[in-house]
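The values are calculated or read from the model by the stated rules, or taken from the named source; none is laboratory data. Bear in mind that the values here come from a model prediction, so they are computed numbers and not experimental data. Please note: Cβ atoms are built from the backbone with ideal geometry, for glycine as well, and neighbour counts cover all protein chains shown. Keep in mind that these areas ignore ligands, DNA and RNA; they rest on the heavy atoms of the full protein, side chains included. Shrake-Rupley method; radii C 1.70, N 1.55, O 1.52, S 1.80 Å.
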Amino acid sequence: MFEQSTAANDDVFMPQDWGLFVSVALIWGSSFLLIDIGLDAFPPGLITLLRVGSGALALWFLPGTPRARSARSARIAADDRGRVVLLSIIWVAVPFTFFPLAQGGINSSVTGLLNGATPIFVALVSAVLLRQRAQGALLAGIVVGFVGITLISLPSIGDGGSQARGVALVLAATVCYGFAINLAAPLQQRYGSLPLMARVLSLATVWTLPYGLWEVGDADWRIGPLVAVLFLGVVGTGLAFAIMGTLVGRVGSTR
């Protein structure tokens, strides 16, 4: 299921790599604030469904060249279909369900900081499953990050109750990311970011549909929170995942 891949750029970051990196950091840096705004009017399951569904629509209908539109409709090889289904579960459906639930116990800033554990779990999965170990400055950065995540987590865990549950949910989501990003790298290189992520988000919409519809009766359809959630879906999910998929394919999962 998991396989090694060779990064398109295994040397220093090029300007395009930095542009992708900064773009996705800025977009995802606001995601937890937008979830917090959405929670003022919508239950967690509905936020997840609206986010994932609008992100999928954005990628399928994103303007592009005829070549780009043709790539989005290209078929996924039979051997990779199971990987795409798994990716839709562990990169989108499960983490995106966990984050709004977590923010019922911890604030958006703590959630965003804890999400910084993602590179740690990506590196661990890469080392254990793919025998691709981080070295040098990259390894040092992961160690420093681990210390930081521990220091951020301890006060909330010590308080117990909903805060500890929130921390556990966020860390569980980042563990999913650790597996997902390693799974995504070779798939992105074979199919491209838009075709892959359009399918991943579409499948995730199906998986999150029951939970979202179950809670639809509890929603307060106010325009401000709705705009925040739809922006989170179109930009913070559709566009951001297309950017992240491209970056992972270019520079490798751990980097």
Practice task
Provide a single number: the residues in the range 94-113 that are at pLDDT 85 or above and either open to solvent by less than 10 Å² (accessible area, probe 1.4 Å) or in contact with a His (Cβ under 6 Å, 6 or more places away or on another chain) (or both).
Solution key: 5
Problem - Output for the range 117-148, where each listed residue is within 22 Å of LEU169 (Cβ to Cβ) and in contact (Cβ under 8 Å) with a residue 40 or more places away in the chain - result: ALA117, THR118, PRO119, ILE120, PHE121, VAL122, ALA123, LEU124, VAL125
Exercise for the section: For the range 49-69, name all the residues that are open to solvent by 70 Å² or more (accessible area, probe 1.4 Å), at pLDDT below 65 and not charged (D, E, K, R). Expected result: THR65, PRO66
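Which residues, taken from the range 70-93, are of a type in the set (Ser, Thr, Tyr), farther than 23 Å from CYS176 by Cβ and either part of a loop (DSSP other than H, G, I, E, B) or at pLDDT 95 or above (or both)?
If we filter the range 70-93 for residues that are of a type in the set (Ser, Thr, Tyr), which is where we start, we get 70, 73, 88.
Next, only the ones that are farther than 23 Å from CYS176 by Cβ stay: 70, 73.
The answer is SER73, and nothing else.
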Fill in the blank from the handout: Apart from one, (1) part of a helix (DSSP H, G or I); (2) under 25 Å from ILE27 (Cα atoms); (3) not hydrophobic (A, V, I, L, M, F, W, C) all hold for SER126; the odd one out is (2)
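Would you confirm, using the coordinates I've provided, whether ALA137 is open to solvent by 20 Å² or more (accessible area, probe 1.4 Å), more than 13 Å from the chain's Cα centre (by Cα) and closer than 17 Å to ASP10 by Cβ?
Working: open to solvent by 20 Å² or more (accessible area, probe 1.4 Å): yes; more than 13 Å from the chain's Cα centre (by Cα): yes; closer than 17 Å to ASP10 by Cβ: yes.
For ALA137, the condition - open to solvent by 20 Å² or more (accessible area, probe 1.4 Å), more than 13 Å from the chain's Cα centre (by Cα) and closer than 17 Å to ASP10 by Cβ - is met.
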Exercise for the section: List the helices (runs of 4 or more DSSP H) that sit entirely inside the range 151-255 and contain at least 1 residues that are more than 21 Å from PRO43 (Cβ to Cβ). Expected result: 161-191, 193-214, 240-251
Fill in the blank from the handout: Subset of the range 5-40, residues closer than 17 Å to TYR211 by Cα and in contact with a Phe, Trp or Tyr (Cβ under 7 Å, 6 or more places away or on another chain), comes to ILE35
Practice task
Tell me, yes or no, whether the range 157-168 has at least one residue that is in contact (Cβ under 8 Å) with a residue 24 or more places away in the chain, out of contact with any Pro (no Cβ under 9 Å at 6 or more places or on another chain) and buried (at least 23 other Cβ atoms within 10 Å of the Cβ).
Solution key: yes
